[in-house]
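The values are calculated or read from the model by the stated rules, or taken from the named source; none is laboratory data. Since this is a predicted model, take the numbers as computed values, not measurements. Glycine also receives a Cβ, built like all others from the backbone with ideal geometry; neighbour counts cover every protein chain displayed. Accessible surface areas use protein heavy atoms only, side chains included; no ligands, DNA or RNA. Shrake-Rupley method; radii C 1.70, N 1.55, O 1.52, S 1.80 Å.
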Amino acid sequence: MLSKDDAKLWQIADFGIIVGLLPLPNAIEYEGLATGFTESLLRSGVKFSLNYKHGAVERVKNLIDNRCDFIVLSNSAAETVLEQYTDLYALQHLSALTYYSGVYLIKRKDLDIDKTKWRIGIDRTSYDHITFSDNEFPENSKVNVHYVNIPYFIANGTIDAAIILNRTHIAIDLMEYLTIESLETTDYLRNRSSATIVTKKDLGMIGILFKEMVDLELIENVQRDVMERRVVPTF
């Protein structure tokens with residue numbers, strides 16, 4: 001009986017090292033994704049390198065400039081990107097809430113001015129951060145910030161509040177200055193929250209890789225274990 005060894009065939013084809021670009025693992029959801037992708041790609045037997053960069057805009061630039069073979073975005077960001085770049089396509093979608101599991105408002109603890117006057121931090125390298133921030137604060141003044149610096153800028157008074165899109169890690173020494181509350185955006189979030197793998201149409205081997213050799217269910221299971229603290233993140 002004949003059988004096929006995908007890993008050996010991949011090696012014979014000599015596709016080289018596959019490079020993926022994932023979101024910066026500064027939140028438990030992204031640590032879970034990084035751990036899941038690492039485990040699944042290790043089991044596939046292909047040579048790979050996973051790198052990390054904040055902001056869908058920046059990851060798309062890297063893919064367009066051939067600095068990686070695939071990127072991971074939220075479903076909503078992927079939809080925006082695919083409308084702009086016809087040479088890209090979505091390989092696979094993971095389940096809902098694999099990219100974002102919640103949306104939160106983070107603000108300064110002593111904030112006592114009218115909500116309409118809050119200065120809102122916004123990271124314009126993130127399609128989703130722009131969308132969620134504008135939906136929640138359509139009339140407020142916006143201050144351009146880097147997402148990972150939001151807690152610091154709130155604590156030092158540069159901004160008053162911001163949206164955070166996941167269970168972001170925040171330094172312990174900042175918590176005395178901050179208040180965090182969950183926003184009720186369940187239906188809106190679920191339609192945009194699945195992790196999506198995007199590549200270029202001319203990279204056919206990446207489509208084969210994710211169709212035949214990468215276990216998406218394993219990625220999700222590992223991510224869930226990381227988020228529920230049953231597995232220590234490893235990537």
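List of remarks:
- Approximate spin-label separation residue 205-residue 177, in nm, with each point projected 7 Å along Cα-to-Cβ: 4.9
- Residue (of 180, 111, 137) at the positive-pole extreme of the stretch 111-207, dipole from beta-carbon charges: 137
- For residue 61, the aspartates and glutamates whose Cα falls under 20 Å of its own Cα, not counting residues fewer than eight places away in the same chain, are 69, 79, 83, 87, 123, 128, 202.
- Portion, in percent, of the accessible area of the chain that falls on carbon or sulfur, probe 1.4 Å: 49
- The stretch 85-112 versus the stretch 194-235: alpha-carbon centroid distance in Å: 17
- Modelled this way, with points 7 Å down the Cα-to-C-beta line, the labels at residue 109 and residue 83 are 4.1 nm from one another.
- Cβ-derived FRET efficiency at R0 25 Å, residue 215 paired with residue 169, nearest 0.05: 0.35
- Close Lys pairs in the stretch 85-235, defined as Cα atoms under 29 Å apart and 8 or more places apart or on different chains, number 9.
- For the listed peptides 193-200, 20-27, a ranking on the average number of other beta carbons within 10 Å per residue, highest first, reads 193-200, 20-27.
- Of (i) 17.0, 53; (ii) 20.3, 63; (iii) 19.2, 74, the label for Rg and Dmax of the Cα atoms in Å derived from the coordinates: (iii)
- For residue 149 and residue 52, the difference between the fully extended length at 0.36 nm per residue and the C-alpha to C-alpha distance is 33.2 nm.
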